[in-house]
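Student: What follows is a single structure, and I will ask about it in a moment.
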Amino acid sequence: GRIKGESGFIDKKAEEFLRMNKSKIKTIFLTGDIFAFPTQEKWNSLFNLVGDNTKIFVAPGNHDIGNKNYKYIFYKTMNLRVDFPFEIEDSNNLFFIEDSYSNSWLINEQTINKINNANEGKNLFLLRHNIPSVELIPIANSRKGISPKIPDFIELNKKIKKDLIIISGDGGAFKYLPQFYCRREGKITFIINGLGGFRRDEILIINKEKIFK
């Protein structure tokens with residue numbers, strides 16, 4: 001959830017959803033900019049909110065690690081996994097979580113190798129904060145940290161050899177941006193979403209082999 005205001009926790013509707021449904025949720029994937037102004041207390045409160053039975057994995061954005069203090073807090077938060085890129089697997093799906101901000105929005109070569117070498121038979125997801133292709137830059141929340149070498153759809157499809165769903169969280173923070181965007185180009189499905197505190201905000205739920213919003 002993207003937050004507005006200096007003292008804010010996570011998005012109010014997302015907080016209420018987690019509070020009401022945490023017993024049904026196995027894993028939470030957050031695709032960056034969790035707090036506008038992170039503190040150790042806010043990270044601790046988030047883990048306390050969901051409890052010990054729900055795992056949280058974060059693909060960080062500029063608000064999470066964009067300055068030395070925030071990055072220090074992120075990396076010393078005990079419950080966060082930070083060995084990017086890493087994989088999370090269940091019976092139906094394989095999720096790759098990467099730190100796109102530190103890689104200037106580019107998909108890490110190590111991530112690409114992991115995707116291309118993944119075993120067949122599972123849905124492959126790449127979870128990241130930043131938008132991975134030049135065509136989709138207009139619907140990003142910001143341009144912070146972007147590389148001039150961002151590839152286009154054709155280049156990405158040359159590099160990635162498997163069917164892949166890329167979910168980027170750097171969207172939906174402003175009224176003029178879509179809360180949810182989905183587009184398939186070649187082997188790759190691009191999904192961009194984010195919470196801006198609007199009525200039309202949507203979260204994604206993955207259950208077995210299907211995505212719901």
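The values are calculated or read from the model by the stated rules, or taken from the named source; none is laboratory data. Small disclaimer: the values here were computed from a predicted structure and weren't measured. Don't worry about glycine lacking a Cβ; one is built from the backbone with ideal geometry, like all the others, and counts go over all protein chains shown. Just the protein is used for accessible areas: all its heavy atoms, side chains included, with ligands, DNA and RNA removed. Shrake-Rupley method; radii C 1.70, N 1.55, O 1.52, S 1.80 Å.
Student: Pick out the one residue from Lys187, Lys159, Lys144, Lys175 that is in contact with a Pro (Cβ under 9 Å, 6 or more places away or on another chain) and farther than 30 Å from Lys24 by Cα.
Tutor: On the way: Lys187 fails: in contact with a Pro (Cβ under 9 Å, 6 or more places away or on another chain); Lys144 fails: in contact with a Pro (Cβ under 9 Å, 6 or more places away or on another chain); Lys175 fails: in contact with a Pro (Cβ under 9 Å, 6 or more places away or on another chain).
It is Lys159.
Student: Does Ile88 satisfy the condition of being within 15 Å of the chain's Cα centre (by Cα), touching a residue at least 60 places away in the same chain (Cβ under 8 Å) and surrounded by fewer than 20 Cβ atoms within 10 Å (Cβ to Cβ)?
Tutor: On the way: within 15 Å of the chain's Cα centre (by Cα): yes; touching a residue at least 60 places away in the same chain (Cβ under 8 Å): yes; surrounded by fewer than 20 Cβ atoms within 10 Å (Cβ to Cβ): yes.
Taking the combined requirement at face value, the residue satisfies it.
Student: Report those helices (runs of 4 or more DSSP H) wholly inside segment 1-91 carrying at least 1 residues which are farther than 25 Å from Ile131 by Cβ.
Tutor: Values: elements: 12-21, 40-50, 62-65, 68-76.
Hits in segment 1-91: 12-21, 40-50, 68-76.
Student: Consider Leu126 carefully, then state whether it is open to solvent by 10 Å² or more (accessible area, probe 1.4 Å) and more than 26 Å from Lys68 (Cβ to Cβ).
Tutor: On the way: open to solvent by 10 Å² or more (accessible area, probe 1.4 Å): no; more than 26 Å from Lys68 (Cβ to Cβ): yes.
No, not satisfied.
Student: Follow-up. Return the residues of segment 119-128 that are closer than 12 Å to Phe96 by Cα and not aliphatic (A, V, I, L, M); say none if nothing qualifies. Please lay out each step first, then the result.
Tutor: If we filter segment 119-128 for residues that are closer than 12 Å to Phe96 by Cα, which is where we start, we get 123-128.
Correct list: Asn123, Phe125, Arg128.
Student: Continuing with this model, one more query. Can you run down the residue pairs with Cβ atoms below 7 Å, 6 or more apart or on separate chains, where the first is in segment 199-213 and free of Cβ contacts under 8 Å to residues at least 24 places away in the same chain and the partner is exposed (fewer than 10 other Cβ atoms within 10 Å of the Cβ)?
Tutor: Listed by first residue and then by second, the contacts come to Ile205/Phe212.
Student: If only one of Ile160, Ile154, Ile139, Ile131 is within 18 Å of Pro60 (Cα to Cα) and either modelled with pLDDT of 95 or more or open to solvent by less than 10 Å² (accessible area, probe 1.4 Å) (or both), which one is it? Reasoning before the result, please.
Tutor: On the way: Ile160 fails: within 18 Å of Pro60 (Cα to Cα); Ile154 fails: within 18 Å of Pro60 (Cα to Cα); Ile139 fails: within 18 Å of Pro60 (Cα to Cα).
After ruling out the rest, the residue left standing is Ile131.
Student: If a residue has to be open to solvent by less than 20 Å² (accessible area, probe 1.4 Å) and either farther than 29 Å from Ser104 by Cα or touching a residue at least 40 places away in the same chain (Cβ under 8 Å) (or both) to count, how many in segment 42-61 make the cut? Before you say what the answer is, go through the steps one by one.
Tutor: Kept after step one, since they are open to solvent by less than 20 Å² (accessible area, probe 1.4 Å), are these residues of segment 42-61: 43, 46, 49-50, 54, 56, 58-61.
Filter once more, keeping what is either farther than 29 Å from Ser104 by Cα or touching a residue at least 40 places away in the same chain (Cβ under 8 Å) (or both): 49-50, 54, 59-61.
Number satisfying all stated conditions: 6.
Student: Name every residue in segment 19-37 that is farther than 14 Å from Leu80 by Cα and not polar (S, T, N, Q), in order of residue number.
Tutor: Filtering segment 19-37 down to residues farther than 14 Å from Leu80 by Cα leaves 19-26, 33, 35-37.
Residues satisfying the conditions are Arg19, Met20, Lys22, Lys24, Ile25, Lys26, Asp33, Phe35, Ala36, Phe37.
Student: Do we find that Ser104 is part of a loop (DSSP other than H, G, I, E, B), on the phi > 0 side of the Ramachandran plot and modelled with pLDDT of 95 or more in this structure?
Tutor: Details: part of a loop (DSSP other than H, G, I, E, B): yes; on the phi > 0 side of the Ramachandran plot: yes; modelled with pLDDT of 95 or more: yes.
It is true that Ser104 is part of a loop (DSSP other than H, G, I, E, B), on the phi > 0 side of the Ramachandran plot and modelled with pLDDT of 95 or more.
Student: Suppose we keep only residues that are at pLDDT 95 or above and among the aromatic types (Phe, Trp, Tyr) within segment 181-211. Which one would you say is most open to solvent (accessible area, probe 1.4 Å)?
Tutor: Only one residue tops the list, namely Tyr181.
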